[in-house]
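The values are calculated or read from the model by the stated rules, or taken from the named source; none is laboratory data. This structure is a prediction, so every number in the text was calculated from the model and none was measured. Because the Cβ atoms are built from the backbone with ideal geometry, glycine has one as well, and the counts that use them run over all protein chains shown.
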(Lines give C-alpha, C1' and ligand atoms only; values in the text may rest on other atoms or scores of the structure.)
Protein backbone atom coordinates (compact mmCIF):
# COMPACT_ATOMS: atom_id res chain seq x y z
CA UNK A 1 0.00 0.00 0.00
CA UNK A 2 1.51 3.34 -1.05
CA UNK A 3 1.55 6.20 1.40
CA UNK A 4 -0.26 9.33 0.29
CA UNK A 5 1.78 12.58 0.30
CA UNK A 6 0.45 15.45 2.45
CA UNK A 7 -0.36 17.57 -0.62
CA UNK A 8 -2.22 14.73 -2.34
CA UNK A 9 -3.98 13.84 0.91
CA UNK A 10 -5.13 17.42 1.49
CA UNK A 11 -6.26 17.72 -2.12
CA UNK A 12 -8.06 14.38 -1.97
CA UNK A 13 -9.85 15.44 1.20
CA UNK A 14 -10.79 18.80 -0.33
CA UNK A 15 -12.14 17.09 -3.46
CA UNK A 16 -14.17 14.55 -1.48
CA UNK A 17 -15.92 17.47 0.25
CA UNK A 18 -16.37 19.76 -2.74
CA UNK A 19 -19.75 20.86 -4.00
CA UNK A 20 -20.96 23.37 -6.55
CA UNK A 21 -21.51 26.74 -4.86
CA UNK A 22 -24.33 28.90 -6.24
CA UNK A 23 -24.58 31.57 -3.54
CA UNK A 24 -21.82 34.00 -2.67
CA UNK A 25 -21.31 36.56 0.05
CA UNK A 26 -20.24 40.14 -0.59
CA UNK A 27 -16.49 39.77 -0.11
CA UNK A 28 -14.59 40.87 -3.23
CA UNK A 29 -12.32 38.57 -5.25
CA UNK A 30 -9.23 40.59 -6.12
CA UNK A 31 -7.51 40.68 -9.50
CA UNK A 32 -4.26 39.86 -7.67
CA UNK A 33 -5.71 36.59 -6.42
CA UNK A 34 -7.22 35.73 -9.81
CA UNK A 35 -3.95 36.40 -11.60
CA UNK A 36 -2.08 34.25 -9.13
CA UNK A 37 -4.50 31.35 -9.71
CA UNK A 38 -4.47 31.86 -13.50
CA UNK A 39 -0.67 31.87 -13.52
CA UNK A 40 -0.43 28.60 -11.57
CA UNK A 41 -3.22 27.00 -13.66
CA UNK A 42 -1.27 27.87 -16.81
CA UNK A 43 1.37 25.32 -15.74
CA UNK A 44 -1.13 22.67 -16.91
CA UNK A 45 -0.01 20.60 -19.91
CA UNK A 46 -0.87 22.30 -23.21
CA UNK A 47 -0.52 21.29 -26.87
CA UNK A 48 2.97 22.16 -28.11
CA UNK A 49 3.14 24.69 -25.25
CA UNK A 50 0.86 26.92 -27.35
CA UNK A 51 -1.67 27.57 -24.53
CA UNK A 52 -4.64 27.58 -26.89
CA UNK A 53 -7.02 29.32 -24.48
CA UNK A 54 -8.19 32.62 -23.11
CA UNK A 55 -10.11 33.46 -19.94
CA UNK A 56 -12.52 36.40 -20.02
CA UNK A 57 -13.20 37.88 -16.58
CA UNK A 58 -16.60 39.55 -16.21
CA UNK A 59 -17.23 41.83 -13.22
CA UNK A 60 -19.37 44.57 -14.82
CA UNK A 61 -23.06 44.25 -13.86
CA UNK A 62 -24.27 45.17 -17.35
CA UNK A 63 -22.03 42.53 -18.92
CA UNK A 64 -23.28 39.89 -16.48
CA UNK A 65 -26.87 40.84 -17.27
CA UNK A 66 -26.10 40.51 -20.99
CA UNK A 67 -24.55 37.04 -20.47
CA UNK A 68 -27.36 35.76 -18.23
CA UNK A 69 -29.88 34.82 -20.98
CA UNK A 70 -27.24 32.59 -22.62
CA UNK A 71 -27.14 30.70 -19.32
CA UNK A 72 -30.95 30.36 -19.06
CA UNK A 73 -30.93 33.24 -16.55
CA UNK A 74 -29.50 31.06 -13.78
CA UNK A 75 -29.22 33.52 -10.87
CA UNK A 76 -25.53 32.77 -10.22
CA UNK A 77 -24.51 34.73 -13.33
CA UNK A 78 -25.71 38.08 -12.02
CA UNK A 79 -25.28 37.07 -8.36
CA UNK A 80 -21.59 36.14 -8.44
CA UNK A 81 -18.88 38.78 -8.05
CA UNK A 82 -16.93 37.21 -10.92
CA UNK A 83 -17.90 35.24 -14.02
CA UNK A 84 -15.09 33.62 -16.00
CA UNK A 85 -15.63 32.39 -19.56
CA UNK A 86 -12.95 29.97 -20.77
CA UNK A 87 -12.43 29.99 -24.52
CA UNK A 88 -10.71 27.77 -27.04
CA UNK A 89 -8.40 30.35 -28.65
CA UNK A 90 -6.43 29.96 -31.87
CA UNK A 91 -6.67 33.70 -32.60
CA UNK A 92 -3.62 34.76 -30.58
CA UNK A 93 -1.48 31.90 -31.91
CA UNK A 94 -2.60 32.63 -35.48
CA UNK A 95 -1.77 36.33 -35.11
CA UNK A 96 1.63 35.42 -33.67
CA UNK A 97 2.31 33.18 -36.69
CA UNK A 98 1.22 35.87 -39.15
CA UNK A 99 3.52 38.39 -37.47
CA UNK A 100 6.43 35.95 -37.71
CA UNK A 101 6.34 35.09 -41.45
CA UNK A 102 4.59 31.76 -40.74
CA UNK A 103 1.46 30.44 -42.49
CA UNK A 104 -1.04 29.14 -39.91
CA UNK A 105 -3.70 26.60 -40.91
CA UNK A 106 -5.84 26.31 -37.77
CA UNK A 107 -9.27 27.15 -39.17
CA UNK A 108 -10.45 23.54 -38.96
CA UNK A 109 -12.24 21.12 -36.64
CA UNK A 110 -9.15 19.34 -35.31
CA UNK A 111 -7.71 22.67 -34.22
CA UNK A 112 -10.95 23.53 -32.43
CA UNK A 113 -10.83 20.26 -30.48
CA UNK A 114 -7.16 20.79 -29.65
CA UNK A 115 -7.89 24.30 -28.37
CA UNK A 116 -11.04 23.23 -26.49
CA UNK A 117 -9.00 20.51 -24.79
CA UNK A 118 -6.35 23.01 -23.73
CA UNK A 119 -9.04 25.39 -22.44
CA UNK A 120 -10.88 22.71 -20.42
CA UNK A 121 -7.73 21.31 -18.79
CA UNK A 122 -6.67 24.86 -17.89
CA UNK A 123 -10.18 25.59 -16.58
CA UNK A 124 -10.19 22.54 -14.31
CA UNK A 125 -6.76 23.36 -12.86
CA UNK A 126 -8.04 26.86 -12.16
CA UNK A 127 -11.16 25.42 -10.46
CA UNK A 128 -9.09 23.07 -8.28
CA UNK A 129 -6.84 25.94 -7.19
CA UNK A 130 -9.79 28.26 -6.55
CA UNK A 131 -11.59 25.68 -4.43
CA UNK A 132 -8.39 24.89 -2.52
CA UNK A 133 -8.26 28.60 -1.71
CA UNK A 134 -11.77 28.43 -0.26
CA UNK A 135 -13.55 30.07 -3.17
CA UNK A 136 -16.83 28.54 -4.30
CA UNK A 137 -17.78 28.07 -7.91
CA UNK A 138 -20.46 26.72 -10.16
CA UNK A 139 -19.65 25.31 -13.59
CA UNK A 140 -22.18 26.33 -16.26
CA UNK A 141 -22.60 23.67 -18.94
CA UNK A 142 -24.90 26.08 -20.76
CA UNK A 143 -21.90 27.78 -22.40
CA UNK A 144 -22.14 25.64 -25.54
CA UNK A 145 -25.95 25.75 -25.75
CA UNK A 146 -26.31 29.36 -26.89
CA UNK A 147 -22.77 30.35 -27.82
CA UNK A 148 -23.80 33.12 -30.24
CA UNK A 149 -24.92 35.41 -27.41
CA UNK A 150 -21.70 34.85 -25.48
CA UNK A 151 -19.61 35.46 -28.61
CA UNK A 152 -21.40 38.78 -29.15
CA UNK A 153 -21.33 39.98 -25.54
CA UNK A 154 -17.63 39.17 -25.03
CA UNK A 155 -16.75 40.30 -28.59
CA UNK A 156 -14.97 37.04 -29.40
CA UNK A 157 -13.23 37.23 -32.77
CA UNK A 158 -12.85 34.48 -35.35
CA UNK A 159 -10.95 31.42 -33.99
CA UNK A 160 -12.13 32.06 -30.41
CA UNK A 161 -14.97 29.88 -29.10
CA UNK A 162 -16.43 29.79 -25.56
CA UNK A 163 -16.34 26.29 -24.06
CA UNK A 164 -16.85 26.69 -20.30
CA UNK A 165 -18.11 29.27 -17.82
CA UNK A 166 -17.78 29.42 -14.06
CA UNK A 167 -19.37 31.74 -11.55
CA UNK A 168 -16.99 32.47 -8.70
CA UNK A 169 -17.03 34.01 -5.25
CA UNK A 170 -16.70 33.38 -1.54
CA UNK A 171 -19.37 30.87 -0.49
CA UNK A 172 -22.41 32.01 1.50
CA UNK A 173 -23.19 29.02 3.72
CA UNK A 174 -22.78 25.32 3.10
CA UNK A 175 -23.50 23.79 -0.30
CA UNK A 176 -25.09 20.33 -0.44
CA UNK A 177 -22.81 17.44 -1.46
CA UNK A 178 -24.11 15.37 -4.36
CA UNK A 179 -23.53 11.64 -4.75
CA UNK A 180 -21.27 10.02 -7.34
CA UNK A 181 -21.20 6.68 -9.12
CA UNK A 182 -18.66 4.16 -7.73
CA UNK A 183 -15.37 3.84 -9.63
CA UNK A 184 -16.46 0.41 -10.89
CA UNK A 185 -18.95 2.24 -13.11
CA UNK A 186 -16.36 4.21 -15.06
CA UNK A 187 -12.96 2.49 -14.66
CA UNK A 188 -12.21 -0.28 -17.16
CA UNK A 189 -9.20 -2.59 -17.45
CA UNK A 190 -7.57 -3.36 -20.81
CA UNK A 191 -10.87 -3.26 -22.74
CA UNK A 192 -14.13 -1.39 -22.42
CA UNK A 193 -16.51 -3.57 -20.40
CA UNK A 194 -20.01 -3.17 -21.82
CA UNK A 195 -22.56 -2.31 -19.14
CA UNK A 196 -24.83 -5.22 -18.22
CA UNK A 197 -28.27 -5.15 -16.57
CA UNK A 198 -26.54 -6.28 -13.38
CA UNK A 199 -23.79 -3.64 -13.48
CA UNK A 200 -26.37 -0.92 -14.14
CA UNK A 201 -28.50 -1.99 -11.17
CA UNK A 202 -25.36 -2.20 -9.01
CA UNK A 203 -23.96 1.22 -10.05
CA UNK A 204 -27.19 3.26 -10.35
CA UNK A 205 -29.35 1.55 -7.70
CA UNK A 206 -28.02 3.48 -4.68
CA UNK A 207 -28.51 6.80 -6.51
CA UNK A 208 -32.05 5.92 -7.54
CA UNK A 209 -32.88 4.94 -3.95
CA UNK A 210 -31.90 8.36 -2.51
CA UNK A 211 -34.91 10.08 -1.02
CA UNK A 212 -34.11 13.35 -2.83
CA UNK A 213 -34.17 11.55 -6.19
CA UNK A 214 -37.42 9.72 -5.38
CA UNK A 215 -38.97 13.06 -4.46
CA UNK A 216 -37.61 14.53 -7.69
CA UNK A 217 -39.48 11.82 -9.63
CA UNK A 218 -42.72 12.44 -7.72
CA UNK A 219 -42.58 16.19 -8.34
CA UNK A 220 -41.89 15.66 -12.05
CA UNK A 221 -44.40 12.82 -12.42
CA UNK A 222 -41.86 10.40 -13.88
CA UNK A 223 -41.67 6.70 -13.12
CA UNK A 224 -37.85 6.58 -13.17
CA UNK A 225 -34.95 8.93 -12.46
CA UNK A 226 -33.60 8.32 -15.99
CA UNK A 227 -36.82 9.77 -17.43
CA UNK A 228 -36.03 13.08 -15.70
CA UNK A 229 -33.03 13.32 -18.02
CA UNK A 230 -34.58 12.03 -21.24
CA UNK A 231 -38.00 13.70 -20.91
CA UNK A 232 -37.24 16.95 -19.08
CA UNK A 233 -33.60 18.01 -18.68
CA UNK A 234 -31.86 16.81 -21.85
CA UNK A 235 -34.43 15.76 -24.41
CA UNK A 236 -33.58 14.45 -27.87
CA UNK A 237 -35.26 17.48 -29.46
CA UNK A 238 -33.24 19.96 -27.39
CA UNK A 239 -29.93 18.12 -27.92
CA UNK A 240 -30.49 17.91 -31.67
CA UNK A 241 -31.49 21.57 -31.97
CA UNK A 242 -28.50 22.68 -29.87
CA UNK A 243 -26.18 20.49 -31.97
CA UNK A 244 -27.20 22.53 -35.02
CA UNK A 245 -26.62 25.79 -33.11
CA UNK A 246 -23.23 24.66 -31.83
CA UNK A 247 -22.00 23.55 -35.26
CA UNK A 248 -23.28 26.85 -36.65
CA UNK A 249 -21.29 28.78 -34.02
CA UNK A 250 -18.17 26.76 -34.84
CA UNK A 251 -18.66 27.64 -38.50
CA UNK A 252 -19.15 31.32 -37.62
CA UNK A 253 -15.93 31.31 -35.57
CA UNK A 254 -14.06 29.76 -38.48
CA UNK A 255 -13.46 26.24 -37.16
CA UNK A 256 -15.51 24.23 -39.66
CA UNK A 257 -14.53 24.15 -43.32
CA UNK A 258 -17.61 24.10 -45.53
CA UNK B 1 -4.17 41.07 -0.29
CA UNK B 2 -5.81 37.74 0.47
CA UNK B 3 -3.88 35.09 2.34
CA UNK B 4 -3.38 31.81 0.53
CA UNK B 5 -4.59 28.66 2.34
CA UNK B 6 -2.00 25.93 3.01
CA UNK B 7 -3.70 23.53 0.56
CA UNK B 8 -3.86 26.13 -2.20
CA UNK B 9 -0.30 27.24 -1.45
CA UNK B 10 1.03 23.68 -1.64
CA UNK B 11 -0.92 23.02 -4.83
CA UNK B 12 0.23 26.31 -6.37
CA UNK B 13 3.83 25.45 -5.54
CA UNK B 14 3.43 21.93 -6.97
CA UNK B 15 1.91 23.30 -10.18
CA UNK B 16 4.64 25.93 -10.61
CA UNK B 17 7.21 23.11 -10.55
CA UNK B 18 5.35 20.56 -12.64
CA UNK B 19 6.67 19.21 -15.92
CA UNK B 20 5.66 16.44 -18.29
CA UNK B 21 7.41 13.21 -17.30
CA UNK B 22 8.32 10.83 -20.14
CA UNK B 23 10.61 8.39 -18.32
CA UNK B 24 9.53 6.16 -15.48
CA UNK B 25 11.36 3.87 -13.07
CA UNK B 26 10.30 0.28 -12.40
CA UNK B 27 8.17 0.83 -9.28
CA UNK B 28 4.62 -0.44 -9.80
CA UNK B 29 1.53 1.76 -9.61
CA UNK B 30 -1.09 -0.20 -7.67
CA UNK B 31 -4.76 -0.49 -8.58
CA UNK B 32 -5.56 0.61 -5.02
CA UNK B 33 -3.79 3.91 -5.57
CA UNK B 34 -5.37 4.41 -9.01
CA UNK B 35 -8.85 3.72 -7.66
CA UNK B 36 -8.31 6.14 -4.83
CA UNK B 37 -7.26 8.88 -7.27
CA UNK B 38 -10.11 8.05 -9.70
CA UNK B 39 -12.63 8.18 -6.84
CA UNK B 40 -11.45 11.61 -5.68
CA UNK B 41 -11.23 12.91 -9.28
CA UNK B 42 -14.85 11.86 -9.80
CA UNK B 43 -15.90 14.60 -7.35
CA UNK B 44 -15.22 17.02 -10.22
CA UNK B 45 -18.30 18.87 -11.51
CA UNK B 46 -20.15 16.88 -14.18
CA UNK B 47 -23.16 17.57 -16.38
CA UNK B 48 -26.35 16.75 -14.50
CA UNK B 49 -24.22 14.48 -12.29
CA UNK B 50 -24.20 11.97 -15.18
CA UNK B 51 -20.39 11.49 -15.18
CA UNK B 52 -20.21 11.17 -18.95
CA UNK B 53 -16.77 9.54 -19.01
CA UNK B 54 -14.84 6.32 -18.72
CA UNK B 55 -11.16 5.68 -18.01
CA UNK B 56 -9.53 2.66 -19.62
CA UNK B 57 -6.43 1.46 -17.75
CA UNK B 58 -3.85 -0.32 -19.92
CA UNK B 59 -1.11 -2.37 -18.24
CA UNK B 60 -0.79 -5.29 -20.65
CA UNK B 61 2.34 -5.07 -22.83
CA UNK B 62 0.57 -6.32 -25.95
CA UNK B 63 -2.19 -3.74 -25.52
CA UNK B 64 0.36 -0.94 -25.09
CA UNK B 65 2.16 -2.11 -28.22
CA UNK B 66 -1.14 -2.07 -30.10
CA UNK B 67 -1.90 1.49 -28.90
CA UNK B 68 1.58 2.84 -29.66
CA UNK B 69 1.14 3.46 -33.42
CA UNK B 70 -1.93 5.63 -32.71
CA UNK B 71 0.41 7.81 -30.64
CA UNK B 72 3.10 8.01 -33.37
CA UNK B 73 5.09 5.37 -31.45
CA UNK B 74 6.14 7.83 -28.79
CA UNK B 75 8.24 5.64 -26.45
CA UNK B 76 6.28 6.59 -23.30
CA UNK B 77 3.35 4.42 -24.40
CA UNK B 78 5.24 1.15 -24.16
CA UNK B 79 7.68 2.48 -21.52
CA UNK B 80 5.15 3.54 -18.88
CA UNK B 81 3.74 1.06 -16.36
CA UNK B 82 0.25 2.45 -16.92
CA UNK B 83 -1.51 4.11 -19.84
CA UNK B 84 -4.92 5.66 -19.16
CA UNK B 85 -7.28 6.57 -22.00
CA UNK B 86 -10.06 8.97 -20.99
CA UNK B 87 -13.22 8.64 -23.05
CA UNK B 88 -16.33 10.71 -23.60
CA UNK B 89 -18.95 8.10 -22.70
CA UNK B 90 -22.70 8.30 -23.37
CA UNK B 91 -22.95 4.49 -23.70
CA UNK B 92 -23.39 3.72 -19.99
CA UNK B 93 -25.91 6.54 -19.49
CA UNK B 94 -27.82 5.46 -22.61
CA UNK B 95 -27.94 1.85 -21.43
CA UNK B 96 -29.14 3.00 -18.01
CA UNK B 97 -31.93 5.01 -19.66
CA UNK B 98 -32.97 2.07 -21.86
CA UNK B 99 -33.12 -0.19 -18.82
CA UNK B 100 -35.32 2.34 -17.00
CA UNK B 101 -38.08 2.86 -19.59
CA UNK B 102 -36.54 6.15 -20.73
CA UNK B 103 -35.85 7.20 -24.35
CA UNK B 104 -32.32 8.63 -24.63
CA UNK B 105 -31.41 10.97 -27.51
CA UNK B 106 -27.67 11.43 -27.09
CA UNK B 107 -26.41 10.36 -30.51
CA UNK B 108 -25.61 13.91 -31.56
CA UNK B 109 -22.78 16.46 -31.60
CA UNK B 110 -23.89 18.46 -28.57
CA UNK B 111 -23.88 15.29 -26.49
CA UNK B 112 -20.36 14.47 -27.67
CA UNK B 113 -19.12 17.90 -26.59
CA UNK B 114 -20.89 17.58 -23.24
CA UNK B 115 -19.31 14.17 -22.64
CA UNK B 116 -15.87 15.26 -23.88
CA UNK B 117 -16.04 18.21 -21.48
CA UNK B 118 -16.89 15.90 -18.56
CA UNK B 119 -14.06 13.55 -19.54
CA UNK B 120 -11.44 16.31 -19.84
CA UNK B 121 -12.34 17.97 -16.52
CA UNK B 122 -12.21 14.55 -14.83
CA UNK B 123 -8.89 13.81 -16.55
CA UNK B 124 -7.32 17.04 -15.33
CA UNK B 125 -8.45 16.46 -11.74
CA UNK B 126 -6.93 13.00 -11.93
CA UNK B 127 -3.66 14.45 -13.29
CA UNK B 128 -3.49 17.07 -10.53
CA UNK B 129 -4.03 14.40 -7.86
CA UNK B 130 -1.51 12.02 -9.46
CA UNK B 131 1.16 14.71 -9.66
CA UNK B 132 0.47 15.79 -6.07
CA UNK B 133 1.11 12.15 -5.12
CA UNK B 134 4.52 12.31 -6.82
CA UNK B 135 3.58 10.36 -9.92
CA UNK B 136 4.82 11.65 -13.26
CA UNK B 137 2.71 11.77 -16.38
CA UNK B 138 2.74 12.82 -19.97
CA UNK B 139 -0.41 13.96 -21.74
CA UNK B 140 -0.72 12.62 -25.30
CA UNK B 141 -2.55 15.02 -27.59
CA UNK B 142 -2.32 12.38 -30.31
CA UNK B 143 -5.46 10.67 -28.97
CA UNK B 144 -7.74 12.53 -31.39
CA UNK B 145 -5.39 12.24 -34.37
CA UNK B 146 -5.87 8.53 -35.07
CA UNK B 147 -8.87 7.61 -32.94
CA UNK B 148 -9.89 4.61 -35.07
CA UNK B 149 -6.94 2.52 -33.85
CA UNK B 150 -7.64 3.37 -30.22
CA UNK B 151 -11.35 2.58 -30.65
CA UNK B 152 -10.45 -0.85 -32.07
CA UNK B 153 -7.73 -1.74 -29.54
CA UNK B 154 -9.81 -0.73 -26.50
CA UNK B 155 -13.04 -2.13 -28.07
CA UNK B 156 -14.93 1.11 -27.56
CA UNK B 157 -18.61 0.70 -28.44
CA UNK B 158 -20.90 3.25 -30.09
CA UNK B 159 -21.25 6.47 -28.02
CA UNK B 160 -17.76 6.10 -26.51
CA UNK B 161 -14.99 8.26 -27.96
CA UNK B 162 -11.36 8.60 -26.76
CA UNK B 163 -10.44 12.22 -26.02
CA UNK B 164 -7.25 12.12 -23.90
CA UNK B 165 -4.46 9.73 -23.00
CA UNK B 166 -1.85 9.92 -20.28
CA UNK B 167 1.17 7.75 -19.64
CA UNK B 168 1.77 7.37 -15.91
CA UNK B 169 4.44 6.10 -13.56
CA UNK B 170 6.99 7.07 -10.92
CA UNK B 171 9.44 9.55 -12.47
CA UNK B 172 12.99 8.47 -13.35
CA UNK B 173 15.05 11.61 -12.76
CA UNK B 174 14.17 15.26 -13.17
CA UNK B 175 12.04 16.46 -16.08
CA UNK B 176 12.84 19.85 -17.65
CA UNK B 177 10.46 22.72 -16.85
CA UNK B 178 9.06 24.49 -19.91
CA UNK B 179 8.24 28.19 -20.04
CA UNK B 180 4.73 29.66 -20.18
CA UNK B 181 3.23 32.86 -21.57
CA UNK B 182 2.50 35.58 -18.99
CA UNK B 183 -1.12 35.85 -17.76
CA UNK B 184 -1.47 39.12 -19.70
CA UNK B 185 -1.44 37.01 -22.88
CA UNK B 186 -4.53 34.99 -22.04
CA UNK B 187 -6.55 36.86 -19.36
CA UNK B 188 -9.02 39.43 -20.66
CA UNK B 189 -11.31 41.82 -18.80
CA UNK B 190 -14.94 42.36 -19.85
CA UNK B 191 -14.21 41.99 -23.59
CA UNK B 192 -11.75 40.01 -25.65
CA UNK B 193 -8.75 42.27 -26.30
CA UNK B 194 -7.49 41.62 -29.83
CA UNK B 195 -3.77 40.89 -29.93
CA UNK B 196 -1.69 43.78 -31.28
CA UNK B 197 1.80 43.71 -32.79
CA UNK B 198 3.02 45.18 -29.50
CA UNK B 199 1.24 42.64 -27.27
CA UNK B 200 2.55 39.78 -29.41
CA UNK B 201 6.14 41.03 -29.16
CA UNK B 202 5.70 41.53 -25.40
CA UNK B 203 4.13 38.10 -24.74
CA UNK B 204 6.11 35.92 -27.18
CA UNK B 205 9.45 37.76 -27.23
CA UNK B 206 10.91 36.15 -24.08
CA UNK B 207 9.99 32.67 -25.35
CA UNK B 208 11.52 33.32 -28.77
CA UNK B 209 14.72 34.57 -27.14
CA UNK B 210 15.29 31.34 -25.16
CA UNK B 211 18.48 29.63 -26.30
CA UNK B 212 16.71 26.25 -26.60
CA UNK B 213 14.16 27.75 -29.00
CA UNK B 214 16.84 29.52 -31.06
CA UNK B 215 18.69 26.22 -31.34
CA UNK B 216 15.42 24.52 -32.31
CA UNK B 217 15.09 26.99 -35.22
CA UNK B 218 18.68 26.42 -36.36
CA UNK B 219 18.27 22.63 -36.34
CA UNK B 220 15.01 22.85 -38.29
CA UNK B 221 16.27 25.57 -40.65
CA UNK B 222 13.40 27.93 -39.90
CA UNK B 223 13.71 31.69 -39.57
CA UNK B 224 11.15 31.94 -36.74
CA UNK B 225 9.85 29.78 -33.91
CA UNK B 226 6.30 30.14 -35.24
CA UNK B 227 7.40 28.45 -38.49
CA UNK B 228 8.29 25.32 -36.47
CA UNK B 229 4.59 25.01 -35.72
CA UNK B 230 3.14 25.96 -39.10
CA UNK B 231 5.71 24.20 -41.32
CA UNK B 232 6.71 21.14 -39.27
CA UNK B 233 4.65 20.26 -36.19
CA UNK B 234 1.06 21.25 -37.05
CA UNK B 235 0.82 21.97 -40.76
CA UNK B 236 -2.40 23.02 -42.48
CA UNK B 237 -2.37 19.80 -44.52
CA UNK B 238 -2.04 17.57 -41.42
CA UNK B 239 -4.70 19.49 -39.46
CA UNK B 240 -7.16 19.35 -42.35
CA UNK B 241 -6.57 15.64 -42.98
CA UNK B 242 -6.93 14.83 -39.27
CA UNK B 243 -10.12 16.93 -39.08
CA UNK B 244 -11.63 14.59 -41.67
CA UNK B 245 -10.47 11.53 -39.70
CA UNK B 246 -11.79 12.90 -36.41
CA UNK B 247 -15.22 13.75 -37.83
CA UNK B 248 -15.29 10.31 -39.42
CA UNK B 249 -14.56 8.69 -36.03
CA UNK B 250 -17.31 10.76 -34.39
CA UNK B 251 -19.71 9.55 -37.10
CA UNK B 252 -18.58 5.95 -36.56
CA UNK B 253 -19.16 6.26 -32.80
CA UNK B 254 -22.64 7.62 -33.44
CA UNK B 255 -22.18 11.26 -32.43
CA UNK B 256 -22.78 12.97 -35.78
CA UNK B 257 -26.19 12.80 -37.42
CA UNK B 258 -25.83 12.49 -41.19
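The set of residues in segment A:245-258 being part of a helix (DSSP H, G or I), more than 7 Å from every other protein chain (Cβ to nearest Cβ) and surrounded by 13 or more Cβ atoms within 10 Å (Cβ to Cβ) consists of A:245, A:248, A:249, A:250, A:252. Looking across segment B:227-244, the residues that are crowded, with 16+ Cβ neighbours inside 10 Å and in a helix (DSSP H, G or I) come down to B:227, B:228, B:229, B:230, B:231, B:236, B:239, B:240, B:242, B:243.
Could you count how many residues in segment A:143-154 are more than 8 Å from chain B (Cβ to nearest Cβ) and in contact with a helix residue (DSSP H, G or I) (Cβ under 8 Å, 6 or more places away or on another chain)?
Within segment A:143-154, the first condition is being more than 8 Å from chain B (Cβ to nearest Cβ), and the residues that meet it are A:143, A:146-153.
Add one more test, that the residue is in contact with a helix residue (DSSP H, G or I) (Cβ under 8 Å, 6 or more places away or on another chain), and what stays is A:143, A:146-151, A:153.
Final tally of qualifying residues: 8.
Among the residues of segment A:155-176, just one is touching a residue at least 12 places away in the same chain (Cβ under 8 Å), at the interface with another protein chain (Cβ under 9 Å from one of its Cβ atoms) and surrounded by fewer than 22 Cβ atoms within 10 Å (Cβ to Cβ), namely A:157.
Quick check, is residue A:237 without any contact (Cβ under 8 Å) to a residue 12 or more places away in the chain, in contact with a strand residue (DSSP E or B) (Cβ under 7 Å, 6 or more places away or on another chain) and within 9 Å of another protein chain (Cβ to nearest Cβ)? No; evaluated as a whole, the condition is false for this residue.
Please determine whether any residue of segment A:68-75 is within 28 Å of residue A:252 (Cβ to Cβ), more than 7 Å from chain B (Cβ to nearest Cβ) and part of a strand (DSSP E or B). Reasoning before the result, please.
Taking segment A:68-75 as the starting set, the residues that turn out to be within 28 Å of residue A:252 (Cβ to Cβ) are A:68-74.
Subset that is more than 7 Å from chain B (Cβ to nearest Cβ): A:68-74.
In the following step, the residues that additionally are part of a strand (DSSP E or B) were identified as none.
No, there is no match, as no residue in segment A:68-75 is within 28 Å of residue A:252 (Cβ to Cβ), more than 7 Å from chain B (Cβ to nearest Cβ) and part of a strand (DSSP E or B).
Evaluated against (1) over 26 Å from residue B:134 (Cα atoms); (2) touching a strand residue (DSSP E or B) at 6+ places or on another chain (Cβ under 6 Å); (3) within 9 Å of chain B (Cβ to nearest Cβ), residue A:30 falls short on exactly one condition, (2). Within segment A:105-122, restricting attention to residues that are in contact (Cβ under 8 Å) with a residue 12 or more places away in the chain and at the interface with chain B (Cβ under 7 Å from one of its Cβ atoms), the residue that is nearest to residue A:257 (Cα to Cα) is A:108.
Return yes or no: is residue B:106 assigned by TED's automatic domain parsing to the domain that holds residue B:16 and part of a loop (DSSP other than H, G, I, E, B)? For residue B:106, the condition - assigned by TED's automatic domain parsing to the domain that holds residue B:16 and part of a loop (DSSP other than H, G, I, E, B) - is met. Within segment B:9-32, can one find any residue that is assigned by TED's automatic domain parsing to the domain that holds residue B:171, part of a helix (DSSP H, G or I) and either at pLDDT 95 or above or within 20 Å of residue A:141 (Cα to Cα) (or both)? The answer is yes, given that some residue of segment B:9-32 is assigned by TED's automatic domain parsing to the domain that holds residue B:171, part of a helix (DSSP H, G or I) and either at pLDDT 95 or above or within 20 Å of residue A:141 (Cα to Cα) (or both). Total residues in segment A:124-142 satisfying the condition of being facing another protein chain (nearest Cβ under 9 Å) and under 11 Å from residue A:84 (Cα atoms): the figure is 4.
Among the residues making up segment B:51-63, those that are surrounded by fewer than 23 Cβ atoms within 10 Å (Cβ to Cβ) and either at the interface with another protein chain (Cβ under 7 Å from one of its Cβ atoms) or in contact with a strand residue (DSSP E or B) (Cβ under 8 Å, 6 or more places away or on another chain) (or both) are B:51, B:57, B:59, B:60, B:63. Evaluated against (1) more than 9 Å from chain B (Cβ to nearest Cβ); (2) in contact with a strand residue (DSSP E or B) (Cβ under 7 Å, 6 or more places away or on another chain), residue A:192 falls short on exactly one condition, (1).
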